[in-house]
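Participant: Structure below; questions to follow.
We did not get these values from a lab; they are worked out from the coordinates using the rules stated. A quick note: this is a predicted structure, and the numbers were derived from the prediction, not measured. All Cβ positions, glycine included, derive from the backbone under ideal geometry; neighbour counts span all protein chains shown.
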Amino acid sequence: MPYIGTSPSNGVRRKHTYTATAGQTSFSGNDDNGISLVYVDTEYLDVYQNGVKLVAVSDYASTTGTSVVLTQGASVSDIIEIIVYDVFSVADTVSASDGGSFGGNVGVGGTLSVTGNVISPITLAGTTPTLTIGDAGAEDTKIVFDGNAQDYHIGLDDSADTLVIGKGSTLGTTTSMAIDANGIITKPLQPAFLANPSGTLANFATGQSNNVNFATERFDRNADYNAGGSPSAFTAPVTGVYQLNFHLYLLALDTAASYMEFAMVTSNRSYNIIIDPNFSSDLNYYHMTMSVLADMDASDTAYITMWVQGGSAQTDLSANSTFSGYLVA
């Protein structure tokens, strides 16, 4: 049924008007407007006779909750006005226009819309604290970290069903990590490269260090490998630990050489392997490999060298040789 009490939006004051008969003292029931007199507390009652406010107890009694009894009878046609106020306390509320603070818990059963900022700290408590972003609709969702010089984001690329982490405030601007619907993680910008010589490198000089140039890139994530440099080199974009590898496909090894030394040269140190080609005769084919976990500072370089001591300048390097590397940690 509809609410029949005092409407919170319309105030708590009710006015009852009675026109007295000669000598009338008791006023109750329906007034001149057909509204029945009811009050809760005599302290919240004002009584006027012809516009003059009467004094409780000495001028009237109000003890029943449904009637007011004058001490002295009214004259005919006197106007008796009885103002009834509901019992209330000062509201413990936060102003909609001026704002304020809640001192206790606040429960929201519907939708909470916030236009301004939400001030931290924020704690999600409970048995299974859960924060859900999105409503199962076909749209991208994200969290943006608003930095001083650089923004970052974590978000859902809904069209690709992929969770991405990247730079910038716009989803997909510069993706550093992506997790697809199968749980496969890719790092599009993680430094990684593979290169090979553009052709056979012929007749390495003896008695000196020779740069081995891997001038053809097979791939170069983050563009950290300089294939056209002399030497062809990888430059570490950040300080970290890098896995570096080479596979050398050698041709026409000279058994007259005293030794052959191959080096992975980085700015911090060199990693070397050596062979003594003391074979019964020259070799048409041979291979050398090296893998090393190297510490590199940002802007350090890594490249490959080869030293042939003694013999003749006849050793070649096939284009099938490779130089590769990637950031581990």
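Participant: Using only Cα atoms, what is the ratio of the radius of gyration of segment 13-85 to 2.2 N^0.38 Å?
Facilitator: Here the Cα radius of gyration is 0.96 times the empirical estimate.
Participant: Next up: What lysines does K53 reach when the alpha-carbon gap must be under 19 Å and sequence neighbours fewer than 8 apart in one chain are set aside?
Facilitator: K53 reaches K15.
Participant: Using alpha carbons only, how many angstrom separate the centre of segment 296-325 from the centre of segment 217-267?
Facilitator: Result: 5 Å between the Cα centres.
Participant: Rounded to two decimal places and with Rh computed the Kirkwood way over Cα pairs, what is Rg over Rh for segment 19-170?
Facilitator: 1.41
Participant: When the C-alpha atoms of segment 85-187 are aligned to their principal axes, what extent does each axis show, in angstrom, from largest down?
Facilitator: The Cα atoms of segment 85-187 stretch 70, 33, 25 Å along their principal axes.
Participant: Enumerate the lysines that K167 could reach by cross-link, defined here as Cα to Cα under 28 Å, with residues fewer than 8 away along the same chain left out.
Facilitator: Qualifying lysines at Cα under 28 Å: K142, K187.
Participant: State the volume of the convex hull built on the alpha-carbon positions of segment 185-329, expressed per residue in Å³ and rounded to an integer.
Facilitator: Cα convex hull per residue, to the nearest whole number: 99 Å³.
Participant: Let me ask something additional. Semi-axes of the equivalent ellipsoid of the chain: what are they in whole Å, largest first, if each equals the square root of 5 times a C-alpha gyration tensor eigenvalue?
Facilitator: 100, 16, 14
Participant: About its Cα centre, how strong a charge dipole does segment 13-85 have in debye, to the nearest 20, once Lys and Arg get +1 and Asp and Glu get -1 at the Cβ?
Facilitator: With only Lys, Arg, Asp and Glu charged at Cβ, the dipole is about 80 debye.
Participant: Hey, another quick one. Looking only at T289, T21, T235, which one moves most when the chain is put into a Gaussian network model with springs between Cα atoms under 10 Å?
Facilitator: In the Gaussian network model the winner is T21.
Participant: Report the rotationally averaged projected area of segment 141-186 based on its alpha-carbon convex hull, in square nanometres.
Facilitator: The directionally averaged projection comes out at 2.9 nm².
Participant: Just to be sure I understand: of the beta bridges DSSP finds with both ends in segment 192-327, what percent are antiparallel, rounded to 5?
Facilitator: The antiparallel fraction comes to roughly 100 percent.
Participant: If each residue's Cβ is checked for other Cβ atoms within 10 Å, how do E81, E139, E261 rank with the fewest at the top?
Facilitator: Taking fewest neighbouring Cβ atoms as first place, the list is E139, E261, E81.
Participant: Residue-wise, which Karplus ³J(HN,Hα) couplings in Hz belong to segment 292-304, taking 6.51 cos²θ - 1.76 cosθ + 1.60, θ = phi - 60°, and x for glycine or proline?
Facilitator: Going residue by residue, I get 9, 9, 10, 8, 9, 8, 4, 6, 5, 10, 9, 8, 10 Hz, with x marking Gly and Pro.
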